[in-house]
Structures are given as structure tokens and as C-alpha cells.
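Participant: Sharing a structure, written as C-alpha cells. Questions coming.
The values are calculated or read from the model by the stated rules, or taken from the named source; none is laboratory data. This one's a predicted model, so the numbers in the text were calculated from it and none came from an experiment. Glycine also receives a Cβ, built like all others from the backbone with ideal geometry; neighbour counts cover every protein chain displayed. We work out accessible area using only protein heavy atoms, side chains counted, and drop any ligands, DNA or RNA first. Shrake-Rupley method; radii C 1.70, N 1.55, O 1.52, S 1.80 Å.
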Amino acid sequence: LHTAEAIAARHNLTVQADKALREVNYGQWEGLGDAELLRDWAQHWQRRVADPLNVAPPDGESYADLWRRLQPVWEVIGERHRGQSVAIVGHNGSLRILLCHLLGAPLGNARHIRLMNTSISCVEYEDSTMEASSARYVISSINDTCHLAGI
């Protein structure tokens with residue numbers, strides 16, 4: 001939210017927060033480090049690492065659960081802002097899931113995408129005709145951090 005507010009202030013815009021864009025819910029694992037996970041939840045953690053798409057932390061979300069939450073808001077943003085520039089500010093997990101979807105990669109591969117804090121990934125929507133089947137997303141950059149040079 002702080003990053004979104006900084007971007008919005010620079011461009012004289014207001015932030016439109018949406019709970020659906022929050023990070024994946026780690027449930028009972030929220031705030032735990034590797035040592036605690038391996039000590040108290042080793043088998044469950046190993047299942048999660050092997051299949052993050054389908055295995056959720058206790059009282060948390062799998063990647064499939066996260067995508068079910070993200071997909072509707074992603075579609076609304078696209079419909080509402082066709083032809084406009086939009087900045088979507090989110091957390092590592094939710095943005096990686098979105099990028100997997102746009103790349104056509106299995107959502108379970110989200111951990112294969114590295115996103116640094118404040119990095120920028122650019123997605124362009126191309127709609128050459130009015131037919132939905134001809135529309136596509138083109139990713140022009142992922143994890144761009146050039147704006148941090150010299151800081």
C-alpha cells in the first residue's frame with residue numbers, strides 16, 4: 001500500500017485498494033521462519049513446496065486458491081481500463097501467479113519467477129479487432145529494477 005501511495009502521489013492520483021490483490025494467505029504459517037516451519041510443520045511444508053498449486057498452509061491458501069481470488073479482479077481491471085495505463089501494485093506471490101497466467105505457464109511454477117521489491121513488470125494488452133479471441137497480453141518486461149540504479 002505504501003508503494004502504491006508513493007506512485008499515486010507522484011502522479012496526482014488516488015489509490016484504489018482491493019483486498020483481492022493481497023499476498024497469498026499463509027494462515028498459521030504467517031510470520032514463521034524456515035527453522036520453525038521445518039521443526040513444527042516439516043511434512044506439510046514439504047508437501048506445499050512440492051505442490052504449491054494444491055497444498056495450502058493450515059487456514060491459508062494454495063496457489064489455486066490465490067488465483068481464484070485474483071482472476072476476477074484482474075478481469076475487471078482489464079475491462080474497466082481498456083486503452084489506459086494502470087499500475088497494479090502487489091506482493092511477490094500474487095504478482096508471480098498473475099505473470100504465470102499471462103505467460104501460459106502452470107501456476108505451480110510461480111516460484112520460478114523472481115521479483116525484487118519495487119521491481120516493475122510491464123504487460124500490454126493488444127486488441128487488434130473487437131473479437132475477444134484476437135486479444136492477447138504481451139509482457140515487455142519482468143522484474144525491471146533500473147529505476148533503483150544509484151540508490
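Participant: Determine, yes or no, whether L32 is among the aliphatic types (A, V, I, L, M), open to solvent by less than 30 Å² (accessible area, probe 1.4 Å) and more than 21 Å from I97 (Cα to Cα).
Facilitator: no
Participant: Answer yes if at least one residue in region 102-125 is among the acidic types (D, E) and outside any strand (DSSP E or B), and no otherwise.
Facilitator: no
Participant: Please go through region 27-59 and give me each residue that is over 25 Å from I88 (Cα atoms) and of a type in the set (D, E, K, R), ordered by number.
Facilitator: Listed by number, the residues that qualify are D34, E36, R39, D40, R47, R48, D51, D59.
Participant: While we're looking at this one, here's another question. In region 8-26, which residues are open to solvent by less than 80 Å² (accessible area, probe 1.4 Å) and more than 17 Å from N92 (Cα to Cα)?
Facilitator: Passing the criteria: A8, A9, V15.
Participant: Kindly indicate whether W67 is at pLDDT 95 or above and in contact with a Phe, Trp or Tyr (Cβ under 8 Å, 6 or more places away or on another chain).
Facilitator: No: the conditions fail for W67.
Participant: Also: So in region 71-92, with the set limited to residues that are aliphatic (A, V, I, L, M), touching a helix residue (DSSP H, G or I) at 6+ places or on another chain (Cβ under 6 Å) and open to solvent by less than 60 Å² (accessible area, probe 1.4 Å), which one is farthest from D40 (Cα to Cα)?
Facilitator: Out of the qualifying residues, it is V73.
Participant: All but one of (1) over 22 Å from I120 (Cα atoms); (2) at pLDDT 95 or above hold for I97; which doesn't?
Facilitator: Every condition holds for I97 apart from (1).
Participant: Among the candidates L53, L103, L107, which residue alone is more than 25 Å from I7 (Cα to Cα) and open to solvent by 60 Å² or more (accessible area, probe 1.4 Å)?
Facilitator: Result of the check over L53, L103, L107: L103.
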